[in-house]
1. Going by the conditions given, is K79 of a type in the set (K, R) and free of Cβ contacts under 8 Å to residues at least 60 places away in the same chain?
2. Might you check whether a residue that is of a type in the set (A, V, I, L, M) and farther than 16 Å from L40 by Cα occurs anywhere in segment 90-109?
3. Can you pull out the residues in segment 11-54 that are at pLDDT below 95 and either under 10 Å from the mean Cα position of the chain (by Cα) or among the basic types (K, R) (or both)?
4. What single numbered condition from (1) part of a loop (DSSP other than H, G, I, E, B); (2) in contact with a Leu (Cβ under 7 Å, 6 or more places away or on another chain) fails to hold for L76?
5. Could you check segment 57-77 and list, in sequence order, the residues that are within 18 Å of Y13 (Cβ to Cβ) and either surrounded by 14 or more Cβ atoms within 10 Å (Cβ to Cβ) or hydroxyl-bearing (S, T, Y) (or both)?
6. If E103 passes every condition in (1) in contact with a Lys or Arg (Cβ under 7 Å, 6 or more places away or on another chain); (2) in contact (Cβ under 8 Å) with a residue 24 or more places away in the chain but one, which one does it miss?
7. Report, by residue number, each residue of segment 79-118 that is part of a helix (DSSP H, G or I) and either surrounded by 10 or more Cβ atoms within 10 Å (Cβ to Cβ) or modelled with pLDDT of 95 or more (or both).
8. Which ones in segment 57-73 are outside any loop (DSSP other than H, G, I, E, B), under 13 Å from S33 (Cβ atoms) and without any contact (Cβ under 8 Å) to a residue 40 or more places away in the chain?
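The values are calculated or read from the model by the stated rules, or taken from the named source; none is laboratory data. Being a predicted model, the structure only gives us computed values, none of them experimental. Note that we place each Cβ from the backbone using ideal geometry, even for glycine, and neighbour counts take in every protein chain shown.
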Amino acid sequence: MIYLINNDVEFIYEKNILRSRELGVDQVLLVPSSRILKFLIENEGDLISQKELFKVGWGDKIEYVTNNAFYQNILLLRKAFESLNQPNNIIINIPRKGYRLNENIVIDKIVESIESIE
């Protein structure tokens, strides 16, 4: 699955990559970060609890994941977007409630599967 974010950044889920069309630069994401971003995109506009994002990012290994690891993955996503000349507030935290995508970003699904572009 490939999503186009703000008419510039391609999120290639199968490869855990954010790719800027404008800059010609890739940012490789950690697997949990990629899973979290995909879930937030698929649930655009919804407020997702931290607990649910833990499950999405780490699956059945969540008992071994610290809050610090979770926050680090959110930070890495924000920094990846910032390095691609995107706002670092693409992911919004609502304290004690959860996370959601910034309502000002534009997301388009551009390809169903990576095989269709290779």
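1. Against the criterion (of a type in the set (K, R) and free of Cβ contacts under 8 Å to residues at least 60 places away in the same chain), K79 qualifies.
2. No, the conditions are met nowhere in segment 90-109.
3. K51
4. Going through (1) part of a loop (DSSP other than H, G, I, E, B); (2) in contact with a Leu (Cβ under 7 Å, 6 or more places away or on another chain) one by one, L76 breaks only (1).
5. Once the filter is applied, which keeps residues that are within 18 Å of Y13 (Cβ to Cβ) and either surrounded by 14 or more Cβ atoms within 10 Å (Cβ to Cβ) or hydroxyl-bearing (S, T, Y) (or both), segment 57-77 yields G57, W58, N73, I74, L76, L77.
6. (1)
7. K79, A80, F81, E82, S83, I114, I117
8. Across segment 57-73, the qualifying residues are G57, W58, A69, F70, Y71, Q72.
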